[in-house]
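Here is the structure we will look at, set down as C-alpha coordinates.
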Amino acid sequence: MSEITSYRDLVCWQKAIELALLVYEVTGKYPADERFALTAHTRKSAVSVPSNIAEGTRHKTAGYASRVIIALGEHAELETQMTVADRLGYMTAADLKRFEKLSTSVGQLTHGLLRSLDSGA
(Lines give C-alpha, C1' and ligand atoms only; values in the text may rest on other atoms or scores of the structure.)
Protein backbone atom coordinates (compact mmCIF):
# COMPACT_ATOMS: atom_id res chain seq x y z
CA MET A 1 0.00 0.00 0.00
CA SER A 2 1.36 3.41 -0.97
CA GLU A 3 1.81 6.15 1.58
CA ILE A 4 -0.88 8.83 1.55
CA THR A 5 0.82 12.22 1.37
CA SER A 6 -1.93 14.25 -0.30
CA TYR A 7 -5.64 14.11 -0.93
CA ARG A 8 -4.63 13.34 -4.53
CA ASP A 9 -3.43 9.95 -3.28
CA LEU A 10 -6.90 9.01 -1.97
CA VAL A 11 -8.72 6.65 -4.31
CA CYS A 12 -12.06 8.10 -3.19
CA TRP A 13 -10.90 11.59 -4.30
CA GLN A 14 -9.59 10.23 -7.62
CA LYS A 15 -12.87 8.43 -8.34
CA ALA A 16 -14.88 11.48 -7.25
CA ILE A 17 -12.97 13.56 -9.81
CA GLU A 18 -13.82 10.95 -12.47
CA LEU A 19 -17.45 11.15 -11.37
CA ALA A 20 -17.48 14.96 -11.65
CA LEU A 21 -16.07 14.74 -15.16
CA LEU A 22 -18.70 12.18 -16.12
CA VAL A 23 -21.42 14.43 -14.72
CA TYR A 24 -20.15 17.34 -16.82
CA GLU A 25 -20.24 15.11 -19.89
CA VAL A 26 -23.76 13.82 -19.21
CA THR A 27 -25.27 17.16 -18.17
CA GLY A 28 -23.86 18.72 -21.34
CA LYS A 29 -26.57 16.74 -23.14
CA TYR A 30 -29.44 18.17 -21.06
CA PRO A 31 -31.92 20.56 -22.67
CA ALA A 32 -30.77 24.19 -22.92
CA ASP A 33 -33.56 25.37 -20.62
CA GLU A 34 -31.99 23.34 -17.77
CA ARG A 35 -28.68 25.27 -18.02
CA PHE A 36 -29.29 27.42 -14.91
CA ALA A 37 -31.41 24.88 -13.11
CA LEU A 38 -30.79 21.14 -12.94
CA THR A 39 -27.55 21.27 -14.96
CA ALA A 40 -25.95 23.89 -12.72
CA HIS A 41 -27.10 22.28 -9.47
CA THR A 42 -25.99 18.82 -10.55
CA ARG A 43 -22.55 20.06 -11.59
CA LYS A 44 -22.14 21.95 -8.31
CA SER A 45 -22.96 18.82 -6.31
CA ALA A 46 -20.56 16.73 -8.41
CA VAL A 47 -17.68 19.16 -7.85
CA SER A 48 -18.47 19.45 -4.13
CA VAL A 49 -17.78 15.76 -3.46
CA PRO A 50 -14.02 15.76 -4.25
CA SER A 51 -13.70 19.37 -3.07
CA ASN A 52 -14.92 18.51 0.43
CA ILE A 53 -12.72 15.41 0.58
CA ALA A 54 -9.72 17.57 -0.36
CA GLU A 55 -10.63 20.33 2.07
CA GLY A 56 -11.04 17.84 4.89
CA THR A 57 -7.41 16.79 4.64
CA ARG A 58 -6.43 20.30 5.78
CA HIS A 59 -8.24 19.87 9.10
CA LYS A 60 -7.63 17.86 12.23
CA THR A 61 -9.49 14.55 12.42
CA ALA A 62 -12.83 15.93 13.69
CA GLY A 63 -12.91 18.60 10.98
CA TYR A 64 -11.76 16.08 8.39
CA ALA A 65 -14.57 13.70 9.30
CA SER A 66 -17.03 16.60 9.16
CA ARG A 67 -15.95 17.45 5.59
CA VAL A 68 -16.21 13.80 4.54
CA ILE A 69 -19.75 13.75 5.94
CA ILE A 70 -20.53 16.85 3.88
CA ALA A 71 -19.05 15.12 0.82
CA LEU A 72 -21.36 12.16 1.45
CA GLY A 73 -24.33 14.53 1.70
CA GLU A 74 -23.36 16.15 -1.60
CA HIS A 75 -23.00 12.66 -3.09
CA ALA A 76 -26.56 11.77 -2.03
CA GLU A 77 -27.77 15.08 -3.48
CA LEU A 78 -25.97 14.30 -6.75
CA GLU A 79 -27.53 10.85 -6.99
CA THR A 80 -30.96 12.38 -6.38
CA GLN A 81 -30.45 15.01 -9.08
CA MET A 82 -29.32 12.37 -11.55
CA THR A 83 -32.40 10.29 -10.70
CA VAL A 84 -34.61 13.30 -11.45
CA ALA A 85 -32.76 13.83 -14.75
CA ASP A 86 -33.22 10.19 -15.67
CA ARG A 87 -36.95 10.29 -14.90
CA LEU A 88 -37.27 13.43 -17.02
CA GLY A 89 -35.73 11.47 -19.89
CA TYR A 90 -32.49 13.49 -20.02
CA MET A 91 -30.16 10.50 -19.70
CA THR A 92 -29.47 7.53 -21.93
CA ALA A 93 -29.50 4.07 -20.39
CA ALA A 94 -25.76 3.80 -21.05
CA ASP A 95 -25.01 7.12 -19.30
CA LEU A 96 -27.16 6.13 -16.34
CA LYS A 97 -25.36 2.80 -16.03
CA ARG A 98 -21.92 4.48 -16.18
CA PHE A 99 -23.02 7.02 -13.58
CA GLU A 100 -24.49 4.44 -11.21
CA LYS A 101 -21.41 2.23 -11.34
CA LEU A 102 -18.96 5.04 -10.67
CA SER A 103 -21.21 6.74 -8.12
CA THR A 104 -21.59 3.52 -6.14
CA SER A 105 -17.81 3.17 -6.03
CA VAL A 106 -17.37 6.76 -4.85
CA GLY A 107 -19.97 6.26 -2.13
CA GLN A 108 -18.40 3.04 -0.88
CA LEU A 109 -14.88 4.47 -0.88
CA THR A 110 -15.94 7.67 0.84
CA HIS A 111 -17.85 5.75 3.51
CA GLY A 112 -14.68 3.68 4.00
CA LEU A 113 -12.64 6.86 4.46
CA LEU A 114 -15.12 8.07 7.08
CA ARG A 115 -14.94 4.74 8.91
CA SER A 116 -11.14 4.93 8.96
CA LEU A 117 -11.29 8.46 10.38
CA ASP A 118 -13.85 7.41 13.01
CA SER A 119 -11.68 4.46 14.06
CA GLY A 120 -8.58 6.63 14.32
CA ALA A 121 -6.70 4.49 11.77
### Task
Check the range 58-70 and report whether any residue there is in contact with a Pro (Cβ under 8 Å, 6 or more places away or on another chain), open to solvent by less than 70 Å² (accessible area, probe 1.4 Å) and either part of a loop (DSSP other than H, G, I, E, B) or modelled with pLDDT of 95 or more (or both).
no
### Query
Looking only at residues in the range 100-117 that are open to solvent by less than 20 Å² (accessible area, probe 1.4 Å) and among the polar types (S, T, N, Q), which one is nearest to Ala62 (Cα to Cα)?
Thr110
### Hits in the range 26-45 (condition: assigned to a helix (DSSP H, G or I), touching a residue at least 40 places away in the same chain (Cβ under 8 Å) and surrounded by fewer than 16 Cβ atoms within 10 Å (Cβ to Cβ))
none
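Scanning the range 1-24 for residues that are in contact with a helix residue (DSSP H, G or I) (Cβ under 8 Å, 6 or more places away or on another chain) and more than 22 Å from Gly73 (Cβ to Cβ), which turns out least open to solvent (accessible area, probe 1.4 Å)?
Filtering first and then ranking leaves Ser2.
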### Message
I'd like the full set of residues that are open to solvent by 70 Å² or more (accessible area, probe 1.4 Å) and over 19 Å from Val47 (Cβ atoms), limited to the range 81-99.
### Response
Arg87, Leu88, Thr92, Ala93, Lys97
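The values are calculated or read from the model by the stated rules, or taken from the named source; none is laboratory data. Note that the structure is predicted; figures quoted are calculated from it, not measured. Cβ sites come from the backbone with ideal geometry, for glycine too, and all protein chains shown count toward neighbours. The area values use the complete protein model at the heavy-atom level, side chains included, leaving out ligands, DNA and RNA. Shrake-Rupley method; radii C 1.70, N 1.55, O 1.52, S 1.80 Å.
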